[in-house]
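This report refers to the structure that appears directly beneath it.
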Amino acid sequence: MADYKKQSISLTGAVGLGTGVMISAGIFALLGQVAELAGAGFPLIFIAGSIVTAFSAYSYVKMSQQYPSAGGIGMFLMKAYGKSTITASAALLMAFSMIINQSLVARTFGTYTLQLFNGSQADWLVPILGVGLLLFSFLVNISGNAFIQSFTSIASLIKIIGLTVIASAGIWVADFTFTPPESNEGSLTVSMENYIAATALTILAFKGFTTITNSGSEITKPRKNVGRAILISILISLVVYMLLSWAVFTNLSVSEIISSKDYALAEAAKPAFGDTGLWITVIIAIIATITGIIASVFAVSRMLAMLTEMKLIPHKHFGMPGSVQKHTLVYTVVFALVLTISFDLSRIASMGAILYLVMDMTIHWGVFKHLRKKVNANPFIVMGAFILDGIVLSAFLWVKIKSDLLVVTVAILLIIVTFIGEKLFLKRTSENS
């Protein structure tokens, strides 16, 4: 059996897990990419992302109240679609998107850490540092729930306070105005499809709330606290994102943000703090990415363990000792290591957004079609979430097809291979049972 401990994570610990994932890659790695798509309007895109996320979260909260489980999304899909190819494939897509997010956070850690050193650094140092962070997260995760929730909660509080101070100082230097630098004015000709596509990346910044649903019954009073933890995490993250994007918007031009998109926050801190601002921001980025990785690995390994116990995915021990959850922890970190070494930040984020939105739409359709009465869900809100996801995904795919066809091709192939592989696996296990 997986190594679950019911009622072992407090409400504060659950919020720490959620914000630990959200306020990491979400703001440090994606802010520049959002600005690249949306131009000077990028701060407002985070509000759009939070609205779409709020619609999406409704389905997850309703499901969590009715079916609190450490299997989280895997269990939700099982309730909606039964033991089927759709259930197994969509759950794996969610796991893949979370593992992709881990590699995004790992590379962000490497990128920001290198800003502490003067002069240009070799490109291979970024994935090497990312690999080191992933290995550290593995060691932390085998130490147990109590240490994880304490570590992530304290570190999350530190980074939230630190980022709020940096953002407030940046806004203060800009005299609390919403006026961008003059050179931002030339970037207002952005198409509507780009604005919508940028929203896909901000959704990726907020999707850390699913870490909470994947902890399910491990949270104290799950029927009440899962929904509370999700709402609190989204609100905290939105406030931090808006403050930071405002500070960046008023201190850097869009071209400056794009040119330093992998470490834009460090550049934005310089007007208020000088070189000290760079150090402060990088240290907070390191703390943020560490907590993000630990919380995400924690959630994915448990979801994969539950899917294994539900006999929805194949599992090999490879001679490893310990529980299934320990094995899935190893698989999670190994897959993230491969992605960290193989892809850059932009492509990692794009693949993560595509896979997550496909899975998210599958959840909403399942709730609307099969479970809305059982979980007492408002069908208009659920279908609204499905439609919003579809609009954002379509725009994002269209923009990426024109700018980076490879990443779209890889994502689509991964989805197809996942569905075919799961169909064959479930057929074989059905024949053998």
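Results, tabulated for the structure shown:
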{"item": "Exclusive hit being touching a His at 6+ places or on another chain (Cβ under 8 Å), assigned to a helix (DSSP H, G or I) and either crowded, with 19+ Cβ neighbours inside 10 Å or touching a residue at least 24 places away in the same chain (Cβ under 8 Å) (or both), set PHE368, PHE386", "result": "PHE386"}
{"item": "Selected residue (criterion: modelled with the lowest pLDDT) from residues of segment 341-355 that are within 18 Å of GLY208 (Cα to Cα) and not small (Gly, Ala, Ser)", "result": "LEU345"}
{"item": "Unique residue being among the hydrophobic types (A, V, I, L, M, F, W, C) and more than 22 Å from the chain's Cα centre (by Cα) when the list is VAL282, VAL254, VAL239", "result": "VAL254"}
{"item": "Which numbered condition ALA288 fails, given (1) closer than 30 Å to LYS62 by Cα; (2) of a type in the set (Gly, Ala, Ser); (3) more than 23 Å from the chain's Cα centre (by Cα)", "result": "(3)"}
{"item": "Matching residues, segment 404-418, being surrounded by fewer than 15 Cβ atoms within 10 Å (Cβ to Cβ) and not β-branched (Val, Ile, Thr)", "result": "ASP404, LEU405, LEU406, LEU413"}
{"item": "All positions within segment 36-53 that are of a type in the set (Gly, Ala, Ser) and either farther than 16 Å from ALA353 by Cβ or not in a helix (DSSP H, G or I) (or both)", "result": "GLY39, ALA40, GLY41"}
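The values are calculated or read from the model by the stated rules, or taken from the named source; none is laboratory data. These numbers come from a predicted model, not from an experiment. With ideal geometry, Cβ positions are generated from the backbone for all residues, glycine too; neighbour counts draw on all protein chains shown.
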